[in-house]
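Remarks on the structure that follows.
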Amino acid sequence: MELATTTNLPSSDLDAFWMPFTANRQFKASPRLLVAAEGMYYTTSDGRQIIDGTAGLWCVNAGHGRREIADAVQKQVMQLDFAPTFQMGHPAPFELATRLVELLPGDLNRVFFTNSGSESVDTALKIAIAYHRLKGQGARQRLIGRERGYHGVNFGGTAVGGTGANRKLFGNIVTGIDHLSHTHNLEHNAFTRGQPKWGEHLANELDRLVTLHDASTIAAVIVEPVAGSTGVLLPPVGYLQKLRQICDKHGILLIFDEVITGFGRLGKPFAADYFGVIPDIITVAKGITNATVPMGAVFVREEIYQTFVQGIENGIEFFHGYTYSGHPVACAASLATLDIYKKEGLLTRVSEIADYWENAVHSLRGLPHVIDLRNLGLVGAIELESIPGKPGARGYETFVKCYQQGALVRAAGDNIALSPPLIIEKQHIDELFGVVTDVLKQLA
Ligand SMILES: Cc1ncc(COP(=O)(O)O)c(CNc2cccc(C(=O)O)c2)c1O
Ligand SMILES: Cc1ncc(COP(=O)(O)O)c(C=O)c1O
């Protein structure tokens with residue numbers, strides 16, 4: 001089968017696909033199509049090579065076109081394309097779960113497989129509520145998220161998420177939700193290299209919510225250790241540690257949503273390792289298969305799992321799951337991905353290049369409309385001053401101009417987020433920031 005390599009798609013062929021998180025009319029009037037990818041580069045439908053500054057969508061950690069993963073997927077499809085894991089099984093998810101928990105800190109020993117980050121988040125939230133019920137504390141149903149948080153698009157993740165645009169069309173889909181303040185503050189932390197110094201005290205808001213609702217009604221707090229989708233907000237020094245302490249004090253479960261930070265993004269296997277804070281539950285997706293096949297997972301502490309299996313007399317302990325939980329082909333892709341991470345040291349490689357990356361990010365200071373620069377590990381953000389009355393317009397213009405001039409970046413409002421594959425070399429960093437610098441200089 002010949003793969004499409006040029007954009008000879010008649011415009012009518014663009015009609016049927018309802019694109020996610022996209023201005024469909026604007027895109028279809030001037031489509032940006034990628035037709036191939038390898039290593040650090042995409043090939044556009046008009047034959048241009050552009051550098052991937054976003055690892056696709058924070059997910060192609062090992063770089064594009066990995067033959068090892070393709071071979072593993074092909075072999076699995078021909079050997080066992082699909083088998084159910086409801087009251088049935090096949091070897092791959094058991095092998096993968098064992099491999100995965102070896103990477104986790106503490107006693108996060110058990111893995112529930114999903115198909116996405118959104119499914120991982122909703123699974124984690126259901127586990128938290130059910131856990132408390134099984135412990136005889138069924139009143140603990142409140143879930144606490146954070147402003148500007150992103151936890152996917154299923155009902156639970158939307159409800160605990162903190163971005164108005166992602167919530168306003170859907171009303172009050174889940175009750176019993178509250179939010180902590182976000183931690184972004186330009187007055188105190190602008191242009192900070194690494195973790196901001198101001199803001200630990202914001203974690204104390206959790207104590208205020210406990211006073212307001214009473215701990216007996218609160219099941220869990222869910223945060224992204226580094227908030228990605230909103231434009232990269234970093235935890236102030238001490239903030240996550242404070243959240244952990246307050247959760248422990250009140251018997252509240254702490255959930256780290258590591259869909260972005262998981263699998264080496266910060267220079268450690270997980271953000272939990274990087275910050276030295278072990279949550280009760282971790283959600284992942286994206287890098288788990290290097291984005292080759294959709295997959296997610298939820299890691300839970302041993303005591304949570306034991307509460308389920310001991311809390312139910314006999315039979316099914318957790319009435320939850322997806323047709324494709326532990327899908328053979330997704331598992332094969334993930335096992336091959338973990339092999340690459342191990343062989344190439346990608347779960348810790350970022351620590352070797354983080355300083356060079358940091359200097360590249362902060363080299364943008366003083367360019368037109370740049371009001372903040374943020375970095376940690378191999379994540380970066382450029383905050384641009386909004387055009388009055390047109391929030392997001394400058395970010396979108398920067399994204400389109402970067403695409404036209406040779407780089408894929410991510411616009412989150414007027415923030416430009418950067419999160420390249422972890423295989424990036426210094427010459428790629430120079431290329432990426434060369435394009436970004438040129439584009440920023442062109443901004444009116
Ligand atoms: C922290 C977090 N949690 C959950 C999800 C949902 O995962 P799925 O998409 O696989 O259901 C995400 C996904 N993160 C995500 C997805 C798409 C775009 C962007 C962006 O930065 O614009 C970020 C995420 O970043
Ligand atoms: C009617 C119906 N809806 C939804 C689902 C859930 O689909 P998935 O398991 O892919 O989440 C199923 C699964 O069997 C189903 O039969």
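The values are calculated or read from the model by the stated rules, or taken from the named source; none is laboratory data. Here the structure is a predicted model, which is why all the values come from computation and not from measurement. With ideal geometry, Cβ positions are generated from the backbone for all residues, glycine too; neighbour counts draw on all protein chains shown.
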The residue that is farthest from ligand 2 (Cβ to nearest atom), considering only those in the stretch 128-138 that are out of contact with any His (no Cβ under 8 Å at 6 or more places or on another chain) and under 25 Å from Asp207 (Cβ atoms), is Gly136
Please go through the stretch 241-273 and pick out each residue that is more than 15 Å from ligand 1 (Cβ to nearest atom) and assigned to a helix (DSSP H, G or I). Gln241, Lys242, Leu243, Arg244, Gln245, Ile246, Cys247, Asp248, Lys249, His250, Asp273
Test Ala97 against the stated conditions and say whether it is under 21 Å from the mean Cα position of the chain (by Cα) and crowded, with 24+ Cβ neighbours inside 10 Å. no
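Condition check ((1) closer than 19 Å to Thr158 by Cα; (2) modelled with pLDDT of 95 or more; (3) of a type outside the set (Val, Ile, Thr)) across all residues:
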| position | (1), (2), (3) |
| --- | --- |
| Ile177 | yes, yes, no |
| Leu206 | no, yes, yes |
| Ile218 | yes, yes, no |
| Glu224 | yes, yes, yes |
| Val232 | yes, yes, no |
Does Ile218 meet the test of being in contact with a strand residue (DSSP E or B) (Cβ under 6 Å, 6 or more places away or on another chain) and crowded, with 23+ Cβ neighbours inside 10 Å? yes
Anything in the stretch 270-298 that is more than 28 Å from Gly39 (Cα to Cα) and either within 16 Å of ligand 2 (Cβ to nearest atom) or in contact with a Ser or Thr (Cβ under 8 Å, 6 or more places away or on another chain) (or both)? List them, or say none. Val298
Note: among Ala97, Ala62, Ala36, just one is assigned to a helix (DSSP H, G or I) and not charged (D, E, K, R), namely Ala97
Return the residue satisfying two criteria in turn: it lies in the stretch 292-338 and is free of Cβ contacts under 8 Å to residues at least 24 places away in the same chain and more than 19 Å from Gln137 (Cα to Cα), and of such residues it is farthest from ligand 1 (Cβ to nearest atom). Asn314
Tally time: how many residues in the stretch 148-169 are touching a Gly at 6+ places or on another chain (Cβ under 6 Å) and in a helix (DSSP H, G or I)? 1
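Counting only residues that are within 17 Å of Thr283 (Cα to Cα) and either away from ligand 2 (no atom under 16 Å from the Cβ) or touching a Phe, Trp or Tyr at 6+ places or on another chain (Cβ under 8 Å) (or both), how many does the stretch 139-154 have?
Residues of the stretch 139-154 within 17 Å of Thr283 (Cα to Cα): 143-146, 149-154.
Applying the additional criterion that residues be either away from ligand 2 (no atom under 16 Å from the Cβ) or touching a Phe, Trp or Tyr at 6+ places or on another chain (Cβ under 8 Å) (or both) yields 143-146, 149-151.
So the answer is 7.
Being closer than 16 Å to Leu233 by Cβ, within 16 Å of ligand 1 (Cβ to nearest atom), out of contact with any strand residue (DSSP E or B) (no Cβ under 8 Å at 6 or more places or on another chain) and not hydrophobic (A, V, I, L, M, F, W, C): is that true of Gly164 here?
Numbers: closer than 16 Å to Leu233 by Cβ: yes; within 16 Å of ligand 1 (Cβ to nearest atom): yes; out of contact with any strand residue (DSSP E or B) (no Cβ under 8 Å at 6 or more places or on another chain): yes; not hydrophobic (A, V, I, L, M, F, W, C): yes.
Against the criterion (closer than 16 Å to Leu233 by Cβ, within 16 Å of ligand 1 (Cβ to nearest atom), out of contact with any strand residue (DSSP E or B) (no Cβ under 8 Å at 6 or more places or on another chain) and not hydrophobic (A, V, I, L, M, F, W, C)), Gly164 qualifies.
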Out of the residues in the stretch 203-240 that are closer than 29 Å to Ala55 by Cβ and assigned to a helix (DSSP H, G or I), which is nearest to the chain's Cα centre (by Cα)? Leu240
Are any of the residues in the stretch 181-196 within 12 Å of ligand 1 (Cβ to nearest atom) and either outside any strand (DSSP E or B) or at pLDDT 95 or above (or both)? no
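Is it true that Ile288 is outside any helix (DSSP H, G or I), of a type in the set (A, V, I, L, M, F, W, C), surrounded by 24 or more Cβ atoms within 10 Å (Cβ to Cβ) and under 21 Å from the mean Cα position of the chain (by Cα)?
Working: outside any helix (DSSP H, G or I): no; of a type in the set (A, V, I, L, M, F, W, C): yes; surrounded by 24 or more Cβ atoms within 10 Å (Cβ to Cβ): yes; under 21 Å from the mean Cα position of the chain (by Cα): yes.
Here the answer is no, as Ile288 does not meet what is asked.
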So which residues in the stretch 152-188 are under 21 Å from the mean Cα position of the chain (by Cα), farther than 24 Å from Glu200 by Cα and β-branched (Val, Ile, Thr)? Val153, Thr158
Looking only at the stretch 311-334, count every residue that is over 17 Å from Val298 (Cβ atoms) and surrounded by 21 or more Cβ atoms within 10 Å (Cβ to Cβ) and tell me the total. 4
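Rundown of residues vs (1) part of a loop (DSSP other than H, G, I, E, B); (2) in contact with a strand residue (DSSP E or B) (Cβ under 7 Å, 6 or more places away or on another chain); (3) within 16 Å of ligand 2 (Cβ to nearest atom), yes/no style:
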residue: Phe319; (1), (2), (3): yes, no, yes
residue: Tyr324; (1), (2), (3): yes, no, yes
residue: Ile340; (1), (2), (3): no, no, no
residue: Ser351; (1), (2), (3): no, no, no
residue: Ala354; (1), (2), (3): no, no, no
residue: Val361; (1), (2), (3): no, yes, no
Please verify whether the stretch 417-425 includes one or more residues that are of a type in the set (S, T, N, Q), in contact (Cβ under 8 Å) with a residue 24 or more places away in the chain, buried (at least 19 other Cβ atoms within 10 Å of the Cβ) and closer than 30 Å to Lys342 by Cβ. yes
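So that you can scan it fast, the table gives a plain yes or no per residue for (1) in the same structural domain as Arg32 (by TED's automatic domain parsing); (2) surrounded by fewer than 23 Cβ atoms within 10 Å (Cβ to Cβ); (3) among the aromatic types (Phe, Trp, Tyr); (4) closer than 24 Å to Gly262 by Cβ:
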position	(1), (2), (3), (4)
Ala360	yes, yes, no, yes
Gly389	yes, yes, no, no
Thr398	yes, no, no, no
Gln405	yes, yes, no, no
Is there any pair linking a residue in the stretch 383-398 that is within 17 Å of Val435 (Cβ to Cβ) to one that is assigned to a loop (DSSP other than H, G, I, E, B) and among the polar types (S, T, N, Q), with Cβ under 9 Å and at least six apart or on different chains, and which? Arg394/Ser386; Gly395/Ser386
